[in-house]
Amino acid sequence: MTNSEIAEAFETIATLLQIEGEKSFTVRAYQRAARTIERLPQDVDAMIRDGDDLTAIPGIGKAISAKIAELVATGRMAYLDRLEAEFPEGVLDLVRIPGLGPKTVVRIWKELDVTSIEALQAAIEDGRVASLPRMGKKSADNIRRAIQFARSKSDRLPISRAVDIARRVAAHLESTCPDISSLVVCGSLRRFEETVGDLDLVCVTADPAAALDALISMDTVTQVIGHGDKKASVILDSGAQVDLRVSQPETLGAMLQYFTGSLHHNVRLREIASALGLSLNEYGLANSESGELETFADERALYARLGLQYVPPELRQGTGEIAAAKNGVIPRLVQGSDIRGDLHAHTDWSDGRDPMETMIAAARERGLEYIAITDHSAGRGIANGLSVERLRSHRAALRRAESHIGGIRVLSGTEMDIRADGSLDYPDDVLADLDWVVASVHSAMGQDSATMTERIISAMNNPYVSAIGHLSTRLIGERRPVDADYETLFRAAADTGTALEINGSLERLDLKDAHASRARELGVPLVIDSDAHTAEALGNLDYGARLARRGWCEARHIVNTMRADDFVSWLKLDKKSRSRALSGYERV
Ligand code: DGT
Ligand code: CA
Ligand code: CA
Ligand code: ZN
């Protein structure tokens, strides 16, 4: 059982308790447990098997630890079952619609006697939802869109789940089959798509049977849907399909190319091959006349043979990358190791797990030259946001930690709420004392496009707001992006010199690829951030870089590829001139 699945059970408990009107501290205890488990770097399932004491984890007490043990051992939790039994079946379906809060569920259930998604839709269409006191047409429209989002939610895996599953499968294969000399995850995950249909693994091994057997005998396999001497396919208990193919070392390049796709990219590549009298397949290039096969151990050699520059997997979207490769104009894309500083990280002062010393030391260990610690502002009560007084102590503590740890520059920052009316959570004189201010939307996400656009632009107009965090607030597969005029937002960011964040947390990846690309074109300063709530999650910077690559970003487009001194002098510029100054710094 994955941490996400365990977290989901506690999330459901919290929601059902809220519907029942349970006291908020009980609800919060379950929500906290869910968040803690979701973010835990270790596998709870494995910890239990190893006999670890879960109560050693902050936020996990005896009662919750016992419930986790029960869930992992039996696949069920009696408490949750009992709770669910108190509700009509259809109400539980309503609860599961992302974006439909417990308060709304209670009202439509109790006041309109609606107990199914179909009945809810009918009640929206005939105006009963809108006519509820304090509801109105806008709220009804929001609920309609939430239902649409839930319906359109395919059975594709969000990338965060896919990465997690791929890591487990790869670790299992590599530890059980020492003969595997290389193992590459191909398909949509290698291209870093935000959702993934299935996982496509390619390996090279001296003992193919052992590798394929290792896959089908994993204890999370629920169904074997294919098992030959070169490939096997299974379904895991998470519902994910995994295909594993064994390649000869001399054909690995062609195999990787073929199974990385995308389908569109491969179609274009086949056309190029065919114009050269060659036919491209997963083993290499066959001469169309003689049938003679040319093999490629290396992907780059295959692209070169076709007269093309190498195309990084993130660009293989069938949207102009082949023409660029033909003309030799694919740039050197930004990569994780180019990033010299992290500009969005949380500590246990707000809702992070680790103390600031741990976060800063871990950032230094990763080779970062600077880090901005950006705990939440007071408006985020649920995230233990900082009052102005606590923010002052926070700054002092950061300065002490910086000199104590050494070897890394520490910027005092905040992730401050942009309130529903566009005002900010701290006054200007408080912001003026900070080095780096990320402003984010965390509430009233259902506002109409004009209101939301204006709200975010008023934050950009503040001279102390350095960057906007996770612009769309989407959670992949969980929460739809806010309605806003994004083109107008990008232009405003460029004009005001406000950086836009590419948030590397896999749940967010926000800006998304197309937005990163458009913002880059318009000259918006972009930052790649981890939004880490644990020291391990500083590694999100690599994910953020991969998302930026999908938007064709180079190091010169990204603010935090600057050296620390350059970054600090860039920050000293008048905000309005920051966009233009962006590429005037050396990055290597
Ligand atoms: P997904 O799984 O829906 O997220 O997307 P992909 O891109 O991983 O697609 P998948 O798993 O069906 O196939 C993996 C790659 O294999 C795909 O990107 C391109 C290649 N491929 C699959 N079927 C064909 C095919 O019929 N012709 C060619 N040329 N390539 C194919
Ligand atoms: Ca796939
Ligand atoms: Ca596949
Ligand atoms: Zn945030």
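The values are calculated or read from the model by the stated rules, or taken from the named source; none is laboratory data. These numbers come from a predicted model, not from an experiment. All Cβ positions, glycine included, derive from the backbone under ideal geometry; neighbour counts span all protein chains shown. All accessible areas refer to the heavy atoms of the entire protein, side chains included, with ligands and DNA or RNA removed. Shrake-Rupley method; radii C 1.70, N 1.55, O 1.52, S 1.80 Å.
Scanning region 286-302 for residues that are open to solvent by 60 Å² or more (accessible area, probe 1.4 Å), touching a helix residue (DSSP H, G or I) at 6+ places or on another chain (Cβ under 8 Å) and small (Gly, Ala, Ser) yields Ser288, Ala297.
State whether the residues of region 188-199 include one that is outside the structural domain of Arg479 (by TED's automatic domain parsing), away from ligand 2 (no atom under 16 Å from the Cβ) and in contact (Cβ under 8 Å) with a residue 24 or more places away in the chain.
Applying the first criterion (outside the structural domain of Arg479 (by TED's automatic domain parsing)) to region 188-199 yields 188-199.
Adding the requirement that they be away from ligand 2 (no atom under 16 Å from the Cβ) leaves none.
The answer is no; no qualifying residue exists.
Scan region 161-218 residue by residue and report those that are in contact with a His (Cβ under 9 Å, 6 or more places away or on another chain) and among the basic types (Lys, Arg).
First pass over region 161-218, keeping only residues in contact with a His (Cβ under 9 Å, 6 or more places away or on another chain): 191, 212-216, 218.
Passing the criteria: only Arg191.
Across region 174-185, a minimum of one residue is classified as in contact (Cβ under 8 Å) with a residue 40 or more places away in the chain, more than 16 Å from ligand 2 (Cβ to nearest atom) and either outside the structural domain of Gly551 (by TED's automatic domain parsing) or part of a helix (DSSP H, G or I) (or both). Filtered by the rule that a residue be crowded, with 19+ Cβ neighbours inside 10 Å and under 21 Å from Leu236 (Cα atoms), region 4-36 gives Ile6, Ala7, Ala9.
Results for (1) of a type in the set (S, T, N, Q); (2) under 23 Å from Gly367 (Cα atoms); (3) open to solvent by 10 Å² or more (accessible area, probe 1.4 Å), shown as yes or no for each residue.
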site: Gly469; (1), (2), (3): no, no, no
site: Asp485; (1), (2), (3): no, no, yes
site: Ala493; (1), (2), (3): no, no, no
site: Thr498; (1), (2), (3): yes, no, no
site: Asp529; (1), (2), (3): no, yes, no
site: His533; (1), (2), (3): no, yes, yes
site: Glu536; (1), (2), (3): no, yes, yes
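Given Ile117, Ile64, which one is farther than 30 Å from His533 by Cβ, touching a residue at least 12 places away in the same chain (Cβ under 8 Å) and of a type outside the set (Ser, Thr, Tyr)? Write out each step before concluding.
Numbers: Ile64 fails: farther than 30 Å from His533 by Cβ.
Step by step, each of Ile117, Ile64 is checked, and only Ile117 is farther than 30 Å from His533 by Cβ, touching a residue at least 12 places away in the same chain (Cβ under 8 Å) and of a type outside the set (Ser, Thr, Tyr).
Could you identify the single residue in Ile97, Ile37, Ile57, Ile48 that is touching a helix residue (DSSP H, G or I) at 6+ places or on another chain (Cβ under 9 Å) and either farther than 26 Å from Thr220 by Cβ or not assigned by TED's automatic domain parsing to the domain that holds Asp141 (or both)?
Numbers: Ile37 fails: either farther than 26 Å from Thr220 by Cβ or not assigned by TED's automatic domain parsing to the domain that holds Asp141 (or both); Ile57 fails: either farther than 26 Å from Thr220 by Cβ or not assigned by TED's automatic domain parsing to the domain that holds Asp141 (or both); Ile48 fails: either farther than 26 Å from Thr220 by Cβ or not assigned by TED's automatic domain parsing to the domain that holds Asp141 (or both).
Result: Ile97 is the single residue among Ile97, Ile37, Ile57, Ile48 that is touching a helix residue (DSSP H, G or I) at 6+ places or on another chain (Cβ under 9 Å) and either farther than 26 Å from Thr220 by Cβ or not assigned by TED's automatic domain parsing to the domain that holds Asp141 (or both).
Select from region 435-461 the residues that are of a type outside the set (Gly, Ala, Ser) and open to solvent by 20 Å² or more (accessible area, probe 1.4 Å) and list them in ascending order. Result: Asp435, His442, Met445, Gln447, Asp448, Thr451, Glu454, Ile457, Asn461. Looking only at region 249-277, residues that are away from ligand 1 (no atom under 12 Å from the Cβ) and in contact with an Asp or Glu (Cβ under 8 Å, 6 or more places away or on another chain) come to 4 in all.
Yes/no matrix, rows are residues, columns are (1) among the charged types (D, E, K, R); (2) open to solvent by less than 10 Å² (accessible area, probe 1.4 Å); (3) farther than 30 Å from Arg390 by Cβ:
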site	(1), (2), (3)
Ala304	no, no, yes
Val311	no, yes, yes
Val329	no, no, yes
His344	no, yes, no
Thr358	no, no, no
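Inclusion of Arg316 among residues that are modelled with pLDDT of 95 or more and of a type in the set (Lys, Arg) is warranted.
Do you know which of the residues in region 196-211 that are within 16 Å of ligand 1 (Cβ to nearest atom) and part of a strand (DSSP E or B) is nearest to the chain's Cα centre (by Cα)? For region 196-211, the residue satisfying everything is Val196.
Per-residue answers, yes or no, for (1) more than 29 Å from the chain's Cα centre (by Cα); (2) open to solvent by 40 Å² or more (accessible area, probe 1.4 Å); (3) under 24 Å from Ala9 (Cβ atoms):
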residue	(1), (2), (3)
Gly90	yes, no, yes
Pro102	no, no, yes
Arg134	yes, yes, no
Lys137	yes, yes, no
Ala146	no, no, yes
Arg151	no, yes, yes
Leu173	no, no, no
Ser181	yes, yes, no
Ser188	no, no, no
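Looking across region 166-195, the residues that are within 13 Å of ligand 1 (Cβ to nearest atom) and in contact with a Ser or Thr (Cβ under 8 Å, 6 or more places away or on another chain) come down to Cys186, Gly187, Ser188, Arg190, Arg191, Thr195. Residues that are within 16 Å of ligand 2 (Cβ to nearest atom), over 30 Å from Asp179 (Cβ atoms) and buried (at least 17 other Cβ atoms within 10 Å of the Cβ) within region 255-269 comprise Ser262, His265, listed in sequence order.
Can you confirm whether Glu321 is touching a strand residue (DSSP E or B) at 6+ places or on another chain (Cβ under 6 Å) and of a type outside the set (Phe, Trp, Tyr)?
Values: touching a strand residue (DSSP E or B) at 6+ places or on another chain (Cβ under 6 Å): no; of a type outside the set (Phe, Trp, Tyr): yes.
Considered against the rule, which asks whether it is touching a strand residue (DSSP E or B) at 6+ places or on another chain (Cβ under 6 Å) and of a type outside the set (Phe, Trp, Tyr), Glu321 comes out as no.
Take the residues of region 231-254 that are within 18 Å of Phe192 (Cα to Cα) and open to solvent by less than 20 Å² (accessible area, probe 1.4 Å): which is nearest to ligand 2 (Cβ to nearest atom)? I'd like the intermediate steps shown before the answer.
Kept after step one, since they are within 18 Å of Phe192 (Cα to Cα), are these residues of region 231-254: 240-243.
This time we only want the ones that are open to solvent by less than 20 Å² (accessible area, probe 1.4 Å), so: 240, 242-243.
Numbers: Ala240: 10, Val242: 9, Asp243: 7 Å.
Top of the filtered list is Asp243.
Reported count of residues in region 191-222, each being within 12 Å of ligand 3 (Cβ to nearest atom) and crowded, with 21+ Cβ neighbours inside 10 Å, is 5. Taking each residue of region 124-151 that is more than 16 Å from Leu94 (Cβ to Cβ) and looking for partners that are aliphatic (A, V, I, L, M) with beta-carbon atoms closer than 8 Å, six or more apart or interchain, yields Gly127/Ala140; Ala130/Ile124; Ala130/Ala140; Gly136/Ala130; Lys137/Ala130. The set of residues from region 549-582 being in a helix (DSSP H, G or I) and under 27 Å from the mean Cα position of the chain (by Cα) comprises Arg549, Arg550, Ala555, Arg556, His557, Val559, Asn560, Thr561, Ala564, Phe567, Ser579, Leu582.
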